[in-house]
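To keep things clear, I will list the structure first and then write my remarks on it.
The values are calculated or read from the model by the stated rules, or taken from the named source; none is laboratory data. No experiment lies behind these values; they were computed from the predicted model shown. Methodologically, a virtual Cβ is constructed for each residue, glycine included, from the backbone with ideal geometry; neighbour enumeration extends over all protein chains shown. Side chains included, ligands, DNA and RNA excluded: accessible areas come from the protein's heavy atoms. Shrake-Rupley method; radii C 1.70, N 1.55, O 1.52, S 1.80 Å.
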Amino acid sequence: MENYTEPVIQTSRGPKAEPAGFKLFLKRLMQQRALVLMSVPFLLWLFIFKYVPLWGWLTAFQNYKPYKKFSEQEWIGFDQFNFLFTDESFYRILRNTFVMSSIKLVLGFVTAIVLALLLNELRNIFFKRVVQTISYLPHFISWVVAASIVTTVLSNEGIINVLLMKIGVLDSPILWLAKGEYFWGILGGTEVWKDVGWNTIIYLAAITTIDPSQYEAAEIDGANRLQRMWSITLPGLKPVIVVLLIMNLGYILEAGFEPQYLLGNGMTSDYSDNLEIFVLKYGIEESNFSLATAAGMFKTVVSCVFLISANSIAKKLGESRLY
C-alpha cells in the first residue's frame, strides 16, 4: 500500500509564520522605548568622545606639526613605535605602571571585599551607617587635597614619624616621600584609604541579593559567622568579583596620573613615573604629539588584549563573563 500524504491546503493569506528577527527586534524596541530614549544621550556621548577621536591615531604614524594641515603632515611609519621599544626609560616606566596597577588592583579588591563582609555582619544599623559614611568620604576629596593630606602626614613633623618615634621604632624622622623604594607602598595605602569605601558599594548591593534562608539554614546547622561568610556570602559574591576583575584587567595600564604626579618628585621618579607621566613629559611638554599618541595606542592595545584574554579564560572555566 502506497504511503498517503495529506495535501497541504494553502489559503489566500498563506501559512501563519513567526515574526522575522528584524520585526521581533523592532517590537521589543517599541516595548522598551523609554529605556532606549534614556540611553540615547549616553550613546551620543560615547560616539562623539570615544569613537570619533580615534582618527587621531593616525598622528602616531606622522611627524605631526600642529601648524600644518593634516594633508601636509610627513608620514614616518612606525618610527615612533621603534623609539618607544628601544628606549630604556620606557621599559622602566612600563615596569612602574604594571607594578602600581597590580598593587591598586589587588589591594582594591581585597580591602573592598573584606570591608563589605565586615559591614554586612554589623547588627547596629547606626554604627554601620557611620562606618560607611566615614569610609566613603575620602572618595569625594580631590587628589590635590588628598595628596596634601598625605604629604603632611608623612612629613618630618607628621603623625607617622611622631608616632613611630614615640613607640621607639625610629630614632629620627624619615623623609618618606624622598625615598623611591617607599613610593609604591605609600601609593597603594593612599589608594585604599581614598577608594575602599566607594568600592564596597557594589559588593554590599550584591550581598543583598543572597537568599536570607541560606543564612538561616546554616545557622540552624551550627555554622558561625566566619563559616557563613566563607560558605554563603563569598560564593554569592563570586560572579560579581569575576566580572569586576575582568573589567579591571582592561585597565591594567591605567595606573592613574594625579596621585603619581602630585606625590612623586625628582627623588622618586624612578618609581613614580608611569605611562601617563611619560606621555606628558616626553610627548606633550616637548610637543612630540606623535610619540604621545603612539604611547596611548600601545596602552589601549595591551588593555584590550588583557580584557579579551581574561574574558576568554573566564568563559572556558565556566565563570561569569562580560559576553
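What to note about this one:
- Ile202 vs. criteria open to solvent by 30 Å² or more (accessible area, probe 1.4 Å), of a type outside the set (Gly, Ala, Ser) and either assigned by TED's automatic domain parsing to the domain that holds Asn265 or in a helix (DSSP H, G or I) (or both): yes
Each row is one residue, and each column tells you yes or no for (1) over 28 Å from Pro259 (Cβ atoms); (2) assigned by TED's automatic domain parsing to the domain that holds Thr190; (3) free of Cβ contacts under 8 Å to residues at least 40 places away in the same chain.
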| position | (1), (2), (3) |
| --- | --- |
| Trp57 | no, no, no |
| Phe70 | yes, no, yes |
| Trp75 | yes, no, yes |
| Thr97 | no, yes, no |
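- The sole residue among Glu157, Glu121 that is at pLDDT below 90 and open to solvent by 30 Å² or more (accessible area, probe 1.4 Å) is Glu157.
- Members of the range 81-97 found to be open to solvent by 20 Å² or more (accessible area, probe 1.4 Å) and closer than 17 Å to Asn288 by Cβ, listed by number: Phe81, Asn82, Phe83, Phe85, Thr86, Asp87, Ser89
- Whichever residue in the range 98-108 is touching a helix residue (DSSP H, G or I) at 6+ places or on another chain (Cβ under 7 Å) and open to solvent by less than 60 Å² (accessible area, probe 1.4 Å) and, among such residues, is farthest from Tyr282 (Cα to Cα): Gly108
- Where helices (runs of 4 or more DSSP H) fall entirely within the range 106-179, those with at least 1 residues that are within 30 Å of Leu245 (Cα to Cα) are at 125-136, 143-153.
- Top-ranked residue in the range 219-245 [being surrounded by fewer than 16 Cβ atoms within 10 Å (Cβ to Cβ) and polar (S, T, N, Q); ranked as farthest from Ala112 (Cα to Cα)]: Asn224
Matching residues to (1) open to solvent by 30 Å² or more (accessible area, probe 1.4 Å); (2) more than 18 Å from Val106 (Cα to Cα); (3) in a helix (DSSP H, G or I):
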position	(1), (2), (3)
Ser213	yes, yes, yes
Ala217	yes, yes, yes
Asn248	yes, no, yes
Tyr251	yes, no, no
Tyr261	yes, yes, yes
